[in-house]
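Below is one structure, written out as C-alpha cells; comments come after it.
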Amino acid sequence: MEIAVLLKQVPATESMIEISDDGSAIKTEGINWVMNPYDEMAVEEALQIRADTGGTVTVFSLGPEKVAEALRTALAMGADTAVRIDPKGKPLDGLAVAKVLAGELKKGAFDLIVGGHRAVDDDNFQVGPAVAELMSIPHISMVIKQDVADGRIRCTRTIDGGTLVLETTLPALITTQRGLNEPRYASLPGIMKAKKKPIDTRPLSETGTDPGAPMVQILAMRLPPQRKGGRIIEGDRAGDKAVALVKALREEAKVI
Amino acid sequence: MPQGILAVTEQADSALKNISFEVISTGKKLAETTGGPLTAAILGAGVDAMASQAAEYGADRILLADHEGLKDGLADACIQAVAQLVASADPAVVLIGATSLGKDIAARLSARLNAPLAMDCVAVRADGDRIVATRPMYGGKVLADVSLNGSPAIVAIRPRAMEAVAAQGAAGEVETVAVSLDGSTLSLVEKHMETGKIELTEADVVVTGGRGMGGDDFAVVEALAKALGGAVGASRSAVDEGWRPVSDQVGQTGKVVAPNLYIACGVSGAIQHLAGMASSRVVVAINKDPEAPIFSKCDFGIVGDLFDLVPALTAEIEKLKG
C-alpha cells in the first residue's frame, strides 16, 4: 500500500490565543506549534497499515519553513518520506490548500490518503473531503476503525448520535477521529534518523497548480464574550446549597 | 445570474431535523437583504410528505430530490443530488447544516463548484454584494468574520446557533427534480444509533463529569442529566482514563456544545474544555477545589464534594418537576 498522510502544524491546544493588532490574525509570538492532533492519528494509522501490508508512508504539508518540524516529527514516528509545499507567503483558503495538495497527490500513485477530520486551528472540516473530490475518489470522514483488504476499505465512522460502518473501494481518502488510535511517541533513534532524512521541498510556483486568489478571507477576529468569575453559592450543607442553586437557576437565570 | 438562497435540509426518521428548520429560518432572514427566492431542498427516498414542514418555516419554493439511492443518506449520493439541486435553483447562497453529513456535503460541494465555503457558522449576513459569516476558530477561543467571494457562497450553519422560527402565510410551491446518481462507491454495511441518548450538541442541558468523578461510575451525573432532560458529557481526562466514550468528550478536541444550561461536575476547567463549552448560556461549576479555573468561567459555582452536591441537586430538581 502506498499511503499519503496530510498534515498541518497548528498552535498546541493549551495555547492562549490572542489577536493581532490589525484584528485579522492571531499573535504568533510565544505559541508552541505542534502537529495537529488528528493528523498525529493519521500518521499513526498509516504506520499501522504499513506494518500489515507493507508499502510506504509519505507525509505532505503545506506551509512555511517552520512546518518542517511537524514533518520531522512524522518522520521520527516512522514515515518514509516528507514533502513540504512552500506557499512563499501566498495566502490560501481551505479550498486552495486542497487544490495544491490534490495536485501533488496526483503525481503519486497512492492507494490511501489519510488526514485529520479537522485542524484544531481553523476548524474547517474541509481539506480532506475537498481533496477527495478534486481527485475524484471516495472519502469517509471521522473514522474510528478501519480494515483494508482486497482493494477495499471498511470503516466505522462517527455520526451525530451514532456510528456507521461504510465500505468503499481504494484509492480512497479517510479522515481520523478520536478513538481511532493512540499515536506513538517518536523513539530516540527515530528522532536521530529523522534529522538526517531530507524533506522534499517544493515551491508552490513550481507545482503546476494555480490555486487562484482565496475566495474566503478573514475580515476580523475577536475573542468571544468572556464570562466573569461566577457567584459562589454558599450554604452549610449540600442540601442547602442545592436549594439555593435551583432557586438561582429558576428565578435569576430562568433556565429550569 | 445566480440569485436567492438554497436551504439544504436533512431528515431523520421521516421528519426534517431541527437543524433543517434553523437553516430555512436563517435563509428567510438572509433573504430580507439578499432578496429571494428562498428555496428549500429536500433529498431522500419517499420524502414528499416533508415538503409541508419546510413550507411552515417560510420556504418560497421547495425542491424535492426523491431517489431510492438517497435512502441511506450516504455522503456521495447526497453530494451528487445537492449539486444537481444547486444547478437547478442557481442560488447565490447555499445554506446547509454543519452536521456530520452536512459538513461532508459542504466540503465536497465547495470543491466541485469551485465555490467559497464557511464551515460551522454561528451567524451570517449580507454586506452589499458579499456574504459575511461568523465562525468560531481555535476550538471556540476566537470568533472570525469571513467574507465569501464567489458564487454560490456556501455557508454551513452550526446546529443550535440559529433560531428556527415558523413563518406564517408562506405557500411553498413544490417541484420535483429528477436527479441521476451514478458512480456511487460507498456502501452502508451497518448503522448503529445510540437509542434514548440525547446528542450532546443538540441538548438543552449538558451535565459533564471530569476527573473529580474518580472512576467510571457516572451514576450521579447521569441521574442529574435525566432529571433535567439533558445529555451527559465528559472532560478529556475522564475520556483518557477510559471512564467514558470518546463521543462524550466536550472540548477543543471533542465536541463543542452550546446548551442553555451546562453543569460541570468535578471538571477543573482546562483551556481546551472551556473553549468547548463557552457558548453555553448558563454555566454551573461544582468542584471541591475552590481554586479550580472553572470557577472563573462559570455563572454559578458550588465548592464541595460532587458526590454530596449532585444527588442533592437531582433531588431538588425532581421535587420541582413533581
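The values are calculated or read from the model by the stated rules, or taken from the named source; none is laboratory data. Owing to the predicted nature of the structure, the values given are computational and were not obtained by experimental measurement. Virtual Cβ from ideal backbone geometry, glycine too; neighbours counted across all protein chains shown. Ligands, DNA and RNA are stripped out before the accessible areas are found, and what is left, the full protein with its side chains, is counted by its heavy atoms. Shrake-Rupley method; radii C 1.70, N 1.55, O 1.52, S 1.80 Å.
Structure notes:
- Over the protein assembly as shown, all Cα pairs binned in 20 Å intervals from 0 give whole-percent P(r) values of 21, 53, 25, 1, listed from short to long.
- When the alpha carbon coordinates of chain B are projected onto the principal axes, the ranges are 62, 43, 39 Å, largest first.
- Charge dipole of region A:2-206 (Cα centre as origin; +1 on each Lys and Arg Cβ, -1 on each Asp and Glu Cβ, all else neutral): 600 debye, rounded to the nearest 20.
- Local electrostatic count, A:V114, Cβ distance below 10 Å [Lys/Arg +1, Asp/Glu -1]: -3
- For region B:1-51, the Cα-based Rg and Dmax, in that order, read 11.7, 37 Å.
- Potential extension, B:S52-B:A12 segment - 0.36 nm per residue separation minus Cα distance: 12.8 nm
- Interface A:B - total buried accessible surface [probe 1.4 Å, Å², rounded to 100]: 7100
- When the alpha carbon gyration tensor of region B:200-321 is reduced to an equivalent ellipsoid, the three semi-axes, largest first, read 18, 15, 15 Å.
- When all protein chains stay in place and ligands, DNA and RNA are ignored, the 1.4 Å accessible-area order of B:L274, B:L200, largest first, is B:L274, B:L200.
- Inverse of mean 1/r across different Cα pairs in region A:9-58, Kirkwood, Å: 13.2
- Placing unit charges on the Cβ atoms of the charged side chains and taking the dipole of chain B about its Cα centre, the candidate lying farthest along the positive direction among B:A227, B:A238, B:Q272 is B:Q272.
- For B:D204 and B:A87, the difference between the fully extended length at 0.36 nm per residue and the C-alpha to C-alpha distance is 38.4 nm.
- Whole-number D in µm²/s for region B:183-252 (Stokes-Einstein; Kirkwood sum over Cα pairs; 37 °C, 0.692 mPa s): 247
- Estimated at the nearest 10 Å², the accessible area of B:E56 is 100 Å² with a 1.4 Å probe.
- Pairwise label distance in nanometres, A:A220 with B:E190, each label 7 Å out on the Cα-Cβ vector: 5.1
- Accessible surface comparison of B:E175, A:E29, probe 1.4 Å, protein chains only, largest first: the order is A:E29, B:E175.
- Based on DSSP H segments of at least four residues, each scored -39500 (n - 2.57), chain B has a per-residue ellipticity at 222 nm of -8500 deg cm²/dmol.
- Per residue of A:162-174, other chain Cβ atoms within 10 Å of the residue Cβ number 5 on average.
- The Rg/Rh ratio of region A:29-173, with Rg taken over Cα atoms and Rh as the Kirkwood radius over Cα pairs, comes to 0.95.
- Entry comment: accessible area of region B:200-321 is 35 Å² per residue, from protein heavy atoms only and a probe of 1.4 Å.
- For region B:103-244: span of alpha carbons on each principal axis (Å, largest first): 54, 39, 37
- Among beta bridges from DSSP that stay inside region A:2-206, the antiparallel ones total about 40%.
- Formal net charge of residues neighbouring A:E133 (Cβ-Cβ distance under 11 Å; K, R +1; D, E -1): +1
- In chain A, helices alone account for a calculated mean residue ellipticity at 222 nm of -8000 deg cm²/dmol, with every DSSP H run of four or more residues adding -39,500 (n - 2.57).
- Note: relative contact order over region A:2-206, using C-alpha pairs below 8 Å and six or more positions apart, is 26 percent.
- For the segment B:306-312, counting C-beta atoms of other chains within 10 Å of every residue's C-beta and taking the mean gives 4.
- With all pairs of different C-alpha atoms in the average, the Kirkwood value for the hydrodynamic radius of region A:58-128 is 13.0 Å.
- A:K106 accessible area, 1.4 Å probe, all protein chains in place, Å² to nearest 10: 120
- Across region B:5-176, C-alpha contacts under 8 Å between residues 6 or more apart give a mean separation that, scaled by the residue count, equals a relative contact order of 28 percent.
- Exposure check, 1.4 Å probe, all protein chains in place: A:C155 carries approximately 0 Å² of accessible surface.
- Region B:13-55 and region A:56-134 have their alpha-carbon centroids 36 Å apart.
- Accessible surface ranking that places the most exposed of A:K195, B:K197 first, with a 1.4 angstrom probe: A:K195, B:K197
- The Cα-based radius of gyration and maximum Cα-Cα distance (Dmax) for region B:5-176 are 14.6, 43 Å.
- The simple spin-label model puts a point 7 Å past each Cα toward its Cβ; for B:S180 and A:D210 those points are separated by 3.2 nm.
- Other protein chain Cβ atoms within 10 Å, averaged over every residue that makes up B:192-201: 3
- The protein assembly as shown: antiparallel DSSP beta bridges as a percent of all, rounded to 5: 35
- At q = 0.10 Å⁻¹, base-10 log of I(q)/I(0) for chain A (Debye sum, equal scatterers on each alpha carbon): -0.58
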